[in-house]
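The values are calculated or read from the model by the stated rules, or taken from the named source; none is laboratory data. Nothing here was measured: the structure is a model prediction, and the numbers come from that model. Don't worry about glycine lacking a Cβ; one is built from the backbone with ideal geometry, like all the others, and counts go over all protein chains shown.
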Amino acid sequence: MLGNDVIDLRETKLLLVTGKGGVGKSVVTAAFALRAAQAGRRVLVCEMDEQPAMAALFGSRAEVAFEPKRIHERIDACNVRGMAAMQAFLYRFVPSRRATDLLLKNRVARVFFESAPGVMESVMLDRVATHIESGAYDLVVVDMPATGHAYTLLRLPASMAAMVSVGQLAAHMKALATVLGDRRRSSLVLVTLPEELPVQETLEFEAKVRAGVDTPVSTIVINGLRTMTVPDDEPAWVADLAPGPRERWREALALARHWSHEDQRGLAKLEAEAKAGLVTIPWIFRRDDDFSLVGAVTEALARWTVY
Amino acid sequence: MASVSELLFSSRLVVCVGTGGVGKTTTSAALALRAARHGRRVLVLTIDPARRLANAMGLASLGNTPQAVDLGAGASGSLHAMMLDAKQTFDDLIRRTAGSEAGAILGNRIYQLMSERLTGTQEYMALERLFDLYQAGTWDLVVLDTPPSTNALDFFDAPRRTAQMFDESVMRWFLPEVRTADSSLWQRVFNPGAVVLKLLAVVGGDAFIAELSQFFEAMRIVRASFQERGHRVQEILRARDTHYVLVASPDARRVDEAMGLHDRLREMGKSVSACVLNRAHTEFFTEDLALMPESLDPETALLRELYARVVCLAERERAGVARLQQVARHASVVVVPAFTAPVVALAQLDRLGEALSQ
């Protein structure tokens, strides 16, 4: 339901953000982080991409890698993917650092760790859990991969538990499953556009998560809502324009009408069928750079969130 | 520089690459349809099409086998479409290559986990299926829609990673009888396999190791076939009549991603022949605002605001197109205007195909 949905993040320690590709997932992630930082909280954004984008969104030149780096006031960012993450992971489990280093220097061993399914995913989740437990941050925001891979990640603690029943990894995955299942401390946010396909996929993903994962989708952020008032009839002067501009004006009107119509329909479908809370972010037409966009989205988000 | 039309005639394989949410699947279908309309026998292999796209092609649902699309009377070419089922493809491959061991592999928990849930399997299997279909000789052109992925290029790495996964030197760690054959001094002093096993036992427990060993033992039988096919897929991906089409939109962030993909493809020795920028709103100009009447009534103000917003969008998108053109100097860049009507029938795919070939 829309209207009475306020995202209460006062006790949230872990905010997982995902969505179909191209819906503005990273920008919304950045906006959640900025909103929390503005409220005085110490925030860490974890990225899981080979090409991290968070620093650029904040207009920072920091090279974001495995160790958290400051990208904005009270906001650090880190990338939990890659061999450095693998090394830190193995350090946690193997008593001898020297053996681990030797192992990772071995070409064949590296190949195995890179290519064995599920290994890098375990490493990434483990790192996120480490940051939550460290106490260095009040809130950890994770810019998850797009929905398909995000589901695999969310399932991982359960999958691993089925496959590995004893050992340190099993214990760790269980602990992680507990954090993910704690609805007070963890939130899963799904970002979507109000267009037909993303809305359909969002509803399907929400149902899939509800059936297969302990962490339900708490909030659906409807990003880029292009609602505008468009007159039903074409203004008389448009017909008098030269052919070029006339076509462009007509197209602009048709486009605006189409946008409004499509977005209202998408919104109505989500209101009718989604179980999670809904919040809307208007389409930001004017933006000078990435950070001005993040700022505008943060402002729009502010009315929906309590920190 | 070849136009998109020329590509559709000269290629045996067109690979559509791009990040999610830019209309890659629809573009793949439109390109395939366009080639079929010009007399070629075409197959479009998609990963996860929206049901509506399947419906647009007149198919109630897509499956793991090619299905004929009805092109209407008098069509000289043909179009087939299919959707990849990674699990099904993997199981079929095991059944075909593993003989009497197939049952044991299909029953192994690690195999099940790997084939169903874990990242990367879809990529391996798309290429596996591509190999069969490409070799079949039934089609003049295969259009491959690559899986949406954070890192869209994981895809091209899949054969290498598959081959590595079943690399003999890795497998031998888990296979006792091969392990004892190692007798060099180096192997006795530092056997990476022993270290890995010990480590995995600490991390995962002994039962995990047992299952993993069983998995590798079973997979050894199919390994040769995997590696052989992996190499041949790489050859197909490098072939002269294989072309890469980069699909994006003129939105600044999508252009950044596209530029990154373009450069990384080049580093991999795969040059992009064409870039498609979908859903463009580039044809609106500030000057048009001066043409509206000087009036202060609220409706005119509203319209002015509305058009000004669209111009904002258009200016940003034109800048995006220009940036991509700079980077992709050797590719033809096609800007496809946003259609307000969704693709619900073949006619709309035809229209998109026309826009793509201009």
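Determine whether A:Ile220 is β-branched (Val, Ile, Thr) and under 16 Å from A:Val17 (Cα atoms). Yes, satisfied. For the residues A:Arg70, A:Arg41, the requirement of being touching a strand residue (DSSP E or B) at 6+ places or on another chain (Cβ under 6 Å) and either at pLDDT below 85 or surrounded by fewer than 17 Cβ atoms within 10 Å (Cβ to Cβ) (or both) singles out A:Arg70. Of everything in segment A:78-106 that is among the basic types (Lys, Arg), in a helix (DSSP H, G or I) and touching a helix residue (DSSP H, G or I) at 6+ places or on another chain (Cβ under 9 Å), the residue that is farthest from the other protein chains (Cβ to nearest Cβ) is A:Arg97. Scanning segment A:38-46 for residues that are within 14 Å of chain B (Cβ to nearest Cβ), within 20 Å of A:Val119 (Cβ to Cβ), touching a helix residue (DSSP H, G or I) at 6+ places or on another chain (Cβ under 8 Å) and touching a residue at least 24 places away in the same chain (Cβ under 8 Å) turns up at least one hit. Once segment A:200-231 is narrowed to residues that are in contact with a strand residue (DSSP E or B) (Cβ under 6 Å, 6 or more places away or on another chain) and in contact (Cβ under 8 Å) with a residue 60 or more places away in the chain, the residue that is farthest from the other protein chains (Cβ to nearest Cβ) is A:Ser218. Within segment B:264-283, identify whether any single residue is within 14 Å of chain A (Cβ to nearest Cβ), over 33 Å from the mean Cα position of the chain (by Cα) and part of a helix (DSSP H, G or I), and answer yes or no. Scanning segment B:264-283, I find no residue that is within 14 Å of chain A (Cβ to nearest Cβ), over 33 Å from the mean Cα position of the chain (by Cα) and part of a helix (DSSP H, G or I), so the answer is no. Evaluated against (1) within 14 Å of chain A (Cβ to nearest Cβ); (2) of a type outside the set (A, V, I, L, M); (3) outside any loop (DSSP other than H, G, I, E, B), B:Thr19 falls short on exactly one condition, (3). When B:Glu257, B:Glu267, B:Glu228, B:Glu317 are checked against the criterion of being under 30 Å from B:Leu106 (Cβ atoms) and of a type in the set (Asp, Glu), B:Glu228 stands alone in meeting it.
If I filter segment A:256-275 down to residues being without any contact (Cβ under 8 Å) to a residue 40 or more places away in the chain and within 12 Å of another protein chain (Cβ to nearest Cβ), which single residue comes out as surrounded by the fewest Cβ atoms within 10 Å (Cβ to Cβ)? Taking the candidates together, the pick is A:His261.
Results for (1) of a type in the set (S, T, N, Q); (2) touching a Ser or Thr at 6+ places or on another chain (Cβ under 8 Å); (3) surrounded by fewer than 17 Cβ atoms within 10 Å (Cβ to Cβ), shown as yes or no for each residue.
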| position | (1), (2), (3) |
| --- | --- |
| B:Ile221 | no, yes, no |
| B:Phe226 | no, yes, no |
| B:His231 | no, no, yes |
| B:Met268 | no, no, yes |
| B:Leu277 | no, yes, no |
| B:Ala280 | no, yes, no |
| B:Thr286 | yes, no, yes |
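Only one residue in A:Glu11, A:Glu50 is surrounded by fewer than 17 Cβ atoms within 10 Å (Cβ to Cβ) and modelled with pLDDT of 80 or more, so which one is that? Lay out the reasoning, then the answer.
Details: A:Glu50 fails: modelled with pLDDT of 80 or more.
Among A:Glu11, A:Glu50, only A:Glu11 is surrounded by fewer than 17 Cβ atoms within 10 Å (Cβ to Cβ) and modelled with pLDDT of 80 or more.
Among the residues here, B:Val327 does not qualify as surrounded by 15 or more Cβ atoms within 10 Å (Cβ to Cβ) and more than 26 Å from B:Thr146 (Cβ to Cβ).
The residues in segment B:267-281 that are modelled with pLDDT of 90 or more and either more than 30 Å from A:Ile284 (Cα to Cα) or touching a Leu at 6+ places or on another chain (Cβ under 9 Å) (or both) can be counted, and the count is 8.
Determine if segment B:78-97 includes at least one residue that is assigned to a loop (DSSP other than H, G, I, E, B), on the phi < 0 side of the Ramachandran plot, touching a residue at least 12 places away in the same chain (Cβ under 8 Å) and within 25 Å of the chain's Cα centre (by Cα). Within segment B:78-97, one or more residues are assigned to a loop (DSSP other than H, G, I, E, B), on the phi < 0 side of the Ramachandran plot, touching a residue at least 12 places away in the same chain (Cβ under 8 Å) and within 25 Å of the chain's Cα centre (by Cα).
Count of segment A:1-53 residues, restricted to those that are under 18 Å from A:Trp283 (Cβ atoms) and assigned to a strand (DSSP E or B), is 1. So, A:Leu253, is that one more than 9 Å from chain B (Cβ to nearest Cβ) and either free of Cβ contacts under 8 Å to residues at least 60 places away in the same chain or in a strand (DSSP E or B) (or both) or not? Answer is no for this residue.
Might you check whether a residue that is hydrophobic (A, V, I, L, M, F, W, C) and surrounded by fewer than 18 Cβ atoms within 10 Å (Cβ to Cβ) occurs anywhere in segment B:42-60? Yes, segment B:42-60 has at least one match. Cβ-Cβ distances below 6 Å connect the following pairs, each with a first residue in segment B:291-313 that is more than 7 Å from every other protein chain (Cβ to nearest Cβ) and over 16 Å from A:Asp232 (Cα atoms), a second residue that is at pLDDT 85 or above and surrounded by fewer than 17 Cβ atoms within 10 Å (Cβ to Cβ), and a separation of six or more residues or different chains: B:Val311/B:Thr286. Residues in segment B:227-263 that are part of a loop (DSSP other than H, G, I, E, B) and either within 14 Å of chain A (Cβ to nearest Cβ) or among the small types (Gly, Ala, Ser) (or both) were compared, and the one that is nearest to B:Leu7 (Cα to Cα) is B:Ala239. Against the definition (facing another protein chain (nearest Cβ under 8 Å), in a helix (DSSP H, G or I) and at pLDDT below 90), how does B:Glu217 come out, yes or no? When the stated conditions are applied, B:Glu217 does not pass them.
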